[in-house]
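The values are calculated or read from the model by the stated rules, or taken from the named source; none is laboratory data. As the structure is a prediction and not an experimental result, all values here were calculated from the model. Neighbour counts run over all protein chains shown; Cβ positions are idealised from the backbone, glycine included. Only protein heavy atoms, including side chains, enter the accessible area calculation; ligands, DNA and RNA are left aside. Shrake-Rupley method; radii C 1.70, N 1.55, O 1.52, S 1.80 Å.
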Amino acid sequence: MTPHRKELPVTANPVLDSLYQHAVADYWNEERNPVNLRLGEVDGLYHHHYGIGDVDWSVLEGPAATREKRVVAELHRLETVQAETLIARLGPLRSEDRVMDAGSGRGGSSLLANLRYGCHVEGVSISESQVAFANEQARRRGVGDKVRFHFRNMLDTRFETGSFQAIWNNESTMYVELALLFAEHARLLRRGGRYVCITGCYNDAYGLPSRAISQINAHYICDIHSRSTYFREMVANRLIPISVLDLTAATIPYWELRAKTHLATGIEQSFLDAYKNGSFQYLLIAADRV
């Protein structure tokens, strides 16, 4: 007689330790949004974040037959500028240095960091499909020995203590508790190492999160943190901010362009409303591990 087999709870997973994390992983495992995939096809760098900088509005003019191609290229240019802005603040890195992309998506930022510095990059994500996709991109570019992606939780990476010179989050902090995240980053960074994040956060001076922010949370199944929470939890975990850039004005043109294109997803107006009414800010924060 076959003994009764006890069903394991859905949270029984060495990487995913909550129902919420399972929901987020499911979302990104199934995600096939053209605003991510089509843009990555321009040059093989697939990002999962937004753009900054002045828009070339001429892409909306000219022959209709090539309009879509022009729009895709311009949106991709803006998101690549965003990634390059973050990467430039990782500090002076050598080819032998090891860095980590926390919430690495399909790997675009990790590949850019390797292109710029020649460094070793470890990307971590709770989406198995994104990890497989990103590793294939690294293999195709011939850098699979230096840029590797792992199915791991950024809150518990299982990497060695003090083994990284730099770590970044690019629009991925809203999926985790910041106290837990920054404790893990502080453990992984060597003294003097650099942490950088670009994130949307709600403005404490506005009050509680606005309606538009609630709509963004619902759309992406995330939980946008307050601006003050970032600085409080960083300092509590020996990550001392050295530079803060308010990129809010720089990202609004990206959203205005995206809202006018075939790649609009319906969430564009919520972002524009939140940025323009002052309830939402788009920040780059760089901090040193002390």
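Quick look at the values:
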quantity: Pairs, first open to solvent by 30 Å² or more (accessible area, probe 1.4 Å) in segment 217-235, second aromatic (Phe, Trp, Tyr) and modelled with pLDDT of 95 or more, C-beta under 6 Å, six or more apart; calculated: Glu233/Phe182
quantity: Among (1) open to solvent by less than 30 Å² (accessible area, probe 1.4 Å); (2) of a type outside the set (Val, Ile, Thr); (3) touching a residue at least 60 places away in the same chain (Cβ under 8 Å) - the single one Glu268 does not satisfy; calculated: (3)
quantity: Residue ranges of helices (runs of 4 or more DSSP H) in segment 154-268 with at least 2 members under 13 Å from Ala287 (Cα atoms) and either modelled with pLDDT of 95 or more or more than 18 Å from the chain's Cα centre (by Cα) (or both); calculated: 178-188, 227-236
quantity: Every pair of residues 6+ apart whose Cβ atoms lie under 6 Å, when the first sits in segment 163-188 and is touching a residue at least 24 places away in the same chain (Cβ under 8 Å) while the second is in a helix (DSSP H, G or I) and β-branched (Val, Ile, Thr); calculated: Tyr175/Val24; Leu178/Thr229
quantity: Hits in segment 215-259 (condition: among the charged types (D, E, K, R), out of contact with any Lys or Arg (no Cβ under 9 Å at 6 or more places or on another chain) and more than 24 Å from Glu79 (Cβ to Cβ)); calculated: Arg232, Glu233
quantity: Residues satisfying the stated conditions in segment 88-119, i.e. open to solvent by less than 20 Å² (accessible area, probe 1.4 Å), part of a loop (DSSP other than H, G, I, E, B), out of contact with any Lys or Arg (no Cβ under 9 Å at 6 or more places or on another chain) and not acidic (Asp, Glu); calculated: Ser104, Gly105, Arg106, Gly107
quantity: Residue ID - modelled with the lowest pLDDT, chosen from residues in segment 46-81 that are over 19 Å from Phe271 (Cβ atoms) and assigned to a loop (DSSP other than H, G, I, E, B); calculated: Gly62
quantity: Filtered residues of segment 60-73 (kept if in contact (Cβ under 8 Å) with a residue 24 or more places away in the chain, over 12 Å from Leu263 (Cα atoms) and either acidic (Asp, Glu) or surrounded by 21 or more Cβ atoms within 10 Å (Cβ to Cβ) (or both)); calculated: none
quantity: Condition met for Ser279 (without any contact (Cβ under 8 Å) to a residue 12 or more places away in the chain, farther than 30 Å from Val99 by Cα and either buried (at least 18 other Cβ atoms within 10 Å of the Cβ) or under 20 Å from the mean Cα position of the chain (by Cα) (or both)); calculated: no
quantity: Which listed residue, of Ile198, Ile242, is open to solvent by 60 Å² or more (accessible area, probe 1.4 Å) and within 22 Å of Ala83 (Cβ to Cβ); calculated: Ile242
quantity: Residues located in segment 133-153, provided they are without any contact (Cβ under 8 Å) to a residue 12 or more places away in the chain, surrounded by 14 or more Cβ atoms within 10 Å (Cβ to Cβ) and part of a helix (DSSP H, G or I); calculated: Glu136
quantity: Residues of segment 249-265 satisfying the condition of being open to solvent by less than 10 Å² (accessible area, probe 1.4 Å), more than 17 Å from Asn203 (Cα to Cα) and among the hydroxyl-bearing types (Ser, Thr, Tyr); calculated: Tyr254
quantity: Pick from segment 13-32, criterion among the acidic types (Asp, Glu) and modelled with pLDDT under 90, ranking: most open to solvent (accessible area, probe 1.4 Å); calculated: Asp17
quantity: Selection from segment 24-65 of residues that are small (Gly, Ala, Ser) and out of contact with any Leu (no Cβ under 9 Å at 6 or more places or on another chain); calculated: Gly40, Ser58, Gly62, Ala64, Ala65
quantity: Matching entry among Ala166, Ala132, Ala179, Ala205 (being under 15 Å from Asn237 (Cβ atoms) and not aromatic (Phe, Trp, Tyr)); calculated: Ala179
